[in-house]
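Following: one structure in C-alpha cells, then a few remarks.
Only the coordinates and a few stated rules stand behind these numbers; no lab work does. Because the structure is predicted, anything quoted here is derived from the model rather than measured. Quick reminder, even Gly has a Cβ in these numbers, built from the backbone with ideal geometry, and neighbours come from all protein chains shown.
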Ligand SMILES: NC(=O)c1ccc[n+]([C@@H]2O[C@H](COP(=O)([O-])OP(=O)(O)OC[C@H]3O[C@@H](n4cnc5c(N)ncnc54)[C@H](OP(=O)(O)O)[C@@H]3O)[C@@H](O)[C@H]2O)c1
C-alpha cells in the first residue's frame, strides 16, 4: 500500500514528498509520479518509487496508481485542460481501488468568483460524484507568487498593481506541502474540506515594506486602475489573454478573495504559518 504524489516534478509535489520522508514515512511506500521523471532521480536514490503519470494519458494513471492507498492529485498547470485531465486521474483512482484521493483546490472554489475557481469547482464536483473518499485542500496564495514583484522592485523601487487596498493571506509553498503531508499520512480527514491560508493577511504597503527589508532599499506600493494596469502590461509585451488574466487576478485580490484567515493551515501543521518577510527572504535566496 502506498501514497502516490502526482505533479512530483513540480515545486509543491516535490516538497510534499520531502515532507513525507522527513515525517518518517518509509521511502518505499511513497510514489513520486509525474511526466519528467528524470528530474526525480534524487528521490529515487533515497528509495522513493518513481512512476510516469501524465494527466493527459489515462493509461499512465492506471499504471501509476495500481496498489495505491492514498493519492495526492496536484492540480495541473495547463489552464483550460484541467477538468478533463483531473477527471481522468480520478476515474483511474476509482478503478484502481484507491481508498482516498486528496486534491489541491482553490479558496472557496465552490462559491468564489476567483478567475481560477471554475476548474477547481468542476474537479471538486467530479471527485464528490466519484464515490471516492476525498480530502480537499483549498490552497490559498503562495507567497512565492510575489517574488517577481520583489525582484522588479529591486530595480524600480516600486511594487505596482491594480490591487487597491486588497489583502492576501499568503503562505509559502512549503507550509501548504507540510499540510498535505499531514493529511496524506494521518487519518481523520475523510471527506474533509480545508481552507488553507497564511495566519495573517497583509496589504501591498506591507509587501513593499517586507521587500524593503529583504532588499535593503526603499520600496513603495503604487496602485493603479485596472485600465491603466492593462495598458501597462500590454505595453510591456504581454498578449491580450495574459493581460486579461493578470488584471482579473489583481481585481480578485483587490476584492478580498485571497484574504481569509480561517486558521486551517496552522492547525494542520501544528505551528504558525511562515511570516511574509521570512518566506520572501527564503524564496529570493532560491530564485
Ligand atoms: N496557490 C497558488 O498560489 C498557486 C500558484 C500557482 C499554481 N497553483 C496550482 O498548484 C499546482 C502546484 O503548484 P506548483 O507550484 O507545484 O506548480 P508547478 O511547479 O508548475 O508544478 C505543476 C506540476 O503539475 C504537473 N503537471 C501539469 N500538467 C500535467 C499533466 N498534463 N500531466 C502530469 N503532470 C502535469 C507538472 O508536471 P511537469 O513537471 O511535467 O510540467 C508539475 O509537476 C499548480 O499546478 C497549479 O494548479 C497554485
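I want to check the label-to-label distance for residue 77 and residue 156. Put each point 7 Å from Cα in the C-beta direction and report it in nm to one decimal.
So the two model labels end up 2.4 nm from each other.
Mind giving me the nanometre distance, one decimal, between the label points for residue 200 and residue 225, set 7 Å out from Cα along Cα→Cβ?
3.5 nm
Can you tell me which of 253-265, 38-50 comes out highest on packing, and rank the rest after it, using the mean Cβ neighbours within 10 Å?
253-265, 38-50
Run the simple label-point estimate for residue 52 and residue 287 please: 7 Å along Cα→C-beta, distance reported in nm.
Taking the simple label geometry, residue 52 and residue 287 are separated by 3.6 nm.
Taking Cα pairs under 8 Å and at least six residues apart, what relative contact order does region 138-249 come out at, in percent?
35 percent
Grab the beta carbon distance between residue 278 and residue 23, set R0 = 25 Å, and tell me the FRET efficiency rounded to 0.05.
0.70
Fewest Cβ neighbours within 10 Å first, please rank 29, 77 accordingly.
Ranking 29, 77 by Cβ neighbours within 10 Å, fewest first, gives 77, 29.
Place a point 7 Å from the Cα of residue 110 along the Cα-to-Cβ direction; which residues of region 178-192 have their backbone N under 11 Å from it?
192
How much length is gained if the chain between residue 185 and residue 236 is pulled fully straight, taking 0.36 nm per residue apart and subtracting their Cα-Cα distance, in nm to one decimal?
13.8 nm
Using only Cα atoms, find the angle between the long axis of helix 276-286 and the longest principal axis of the chain, and express it within 0 to 90 degrees, rounded to the nearest 10.
Approximately 70 degrees, to the nearest 10.
Helix 173-185 against the longest principal axis of the chain: what's the angle in degrees, Cα atoms only, rounded to the nearest 10?
That helix lies at roughly 20 degrees to the long axis.
Determine the calculated [θ] at 222 nm for the chain from helices alone, applying -39500 (n - 2.57) to every DSSP H run no shorter than 4 residues and normalising by the residue count; nearest 500 deg cm²/dmol.
It lands at -13500 deg cm²/dmol.
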